[in-house]
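Just below is one structure, and these are the notes that go with it.
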Amino acid sequence: MPLGPAPSGSLSDVLVGRRSELALLRSVIGSPPALALVEGEAGIGKSRLVAELLAAPDLAGTRRLVGQCEQLQEPLPLSPLLDAFRSAGAGLARSGLPLNPVAGALAPLLPEIAEHLPPPLPPLPDQRAERHRVFRAAVALLDHLGPLVLVLEDVHWADAGTHDFLAFLAAHQPRDVAVILTVRTEAGLLPIREAFARAPSGPARTISLAPLSLPEVEELAGGVLGAELPARSPAPSTRRPAASRSSWRRCCARCWSGCPPVRSPAAPTCWPTWPCPPCCGTSCCSACPRSTTPRRRSWAPRPSSA
Ligand SMILES: Nc1ncnc2c1ncn2[C@@H]1O[C@H](COP(=O)(O)OP(=O)(O)OP(=O)(O)O)[C@@H](O)[C@H]1O
Ligand SMILES: [Mg+2]
């Protein structure tokens, strides 16, 4: 699949690796109705993968609605969904087709696009009936806007109402709607997992992102630094005994503090499988099991002699 430009604010302009995950995600959303869960640890590249998918030139004409969950003490009701719908005003204005009147139930929640929705409905005395009507309204609106890709980011932070809505959506998914959720694995099991597994349109596909391989991390770091990285020694860190490995990590965490500002997206303190940087030519490297005679490179700052 041809790739589009990198999303703005990206660590690297070039997507490193992830070709099979991208192809899988593409094939899932290519046959709607479809549900996809992109999961992995914080910073591993979930949003980047989805952004890369949506930036593909051949998907340029596909409508997409993107909602973001926020990390709040008390998550706001249906916030990512309303977030996604807010951007739908222009599409609704253009469609000119009649919309199911139940979608009027969303008008009080979406004043920004209310002029494109059917008239608001009188409130129902029963809160649960009201909630049901809002869920039906949201499904009707998605149906009306299809074909589309609905992306909800970081659903581990979503409120219980959003999880309930997603379970409802899985059971009543419009024909032309593909749903992609991103979720951190460390957040534990998602409440909607079971509903997604039993969706009438077919079980959700899970795309689990593993850490990049060492050569891929090198490629990413090289791209970020804009420099060719020093060759590493043949023994990969994973073959070292645990004790040596941990002292190597401590060593490298210290070394990097004096090195160019590179951080692994997956590990904010150091590159966990990175060869000992050749720039840290002083005492900390004597503790490093890989260190022989460290040499300084021109791009590295000289460690302070104090
Ligand atoms: N395979 C990759 N190639 C190039 N850059 C990448 C890759 N994976 C991640 N990045 C970059 O690393 C940074 C973090 O990635 P991203 O925001 O996608 O992580 P995430 O898994 O969505 O994190 P979070 O759980 O915090 O939302 C971004 O700048 C992204 O562009
Ligand atoms: Mg993300």
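The values are calculated or read from the model by the stated rules, or taken from the named source; none is laboratory data. All of these numbers come straight from a predicted model, not from anything done at the bench. Glycine also receives a Cβ, built like all others from the backbone with ideal geometry; neighbour counts cover every protein chain displayed.
From the list GLU70, GLU52, GLU21, GLU41, the lone residue that is within 16 Å of ligand 1 (Cβ to nearest atom), within 15 Å of the chain's Cα centre (by Cα) and exposed (fewer than 15 other Cβ atoms within 10 Å of the Cβ) is GLU70.
Considering every residue within the stretch 8-30, establish whether at least one is in a loop (DSSP other than H, G, I, E, B) and in contact with a strand residue (DSSP E or B) (Cβ under 7 Å, 6 or more places away or on another chain). Working first, answer last.
Going residue by residue through the stretch 8-30, those that are in a loop (DSSP other than H, G, I, E, B) are 8-18, 30.
When the remaining residues are screened for being in contact with a strand residue (DSSP E or B) (Cβ under 7 Å, 6 or more places away or on another chain), the result is none.
Scanning the stretch 8-30 turns up no residue that is in a loop (DSSP other than H, G, I, E, B) and in contact with a strand residue (DSSP E or B) (Cβ under 7 Å, 6 or more places away or on another chain).
Within the set ALA158, ALA107, the sole residue that is under 25 Å from LEU25 (Cα atoms) and in contact (Cβ under 8 Å) with a residue 12 or more places away in the chain turns out to be ALA158.
Say whether the condition of being loosely packed, with under 14 Cβ neighbours inside 10 Å, in the same structural domain as GLY188 (by TED's automatic domain parsing) and either modelled with pLDDT of 95 or more or on the phi < 0 side of the Ramachandran plot (or both) is met by at least one residue in the stretch 132-146. Talk me through it step by step, then tell me what you get.
Here is the first cut: in the stretch 132-146, the residues loosely packed, with under 14 Cβ neighbours inside 10 Å are none.
Within the stretch 132-146, not a single residue is loosely packed, with under 14 Cβ neighbours inside 10 Å, in the same structural domain as GLY188 (by TED's automatic domain parsing) and either modelled with pLDDT of 95 or more or on the phi < 0 side of the Ramachandran plot (or both).
Taking every residue in the stretch 197-216 that is under 13 Å from ALA171 (Cβ atoms) and pairing it with any residue that is modelled with pLDDT under 90, at least 6 positions away or on another chain, yields no pair with a Cβ-Cβ distance below 6 Å.
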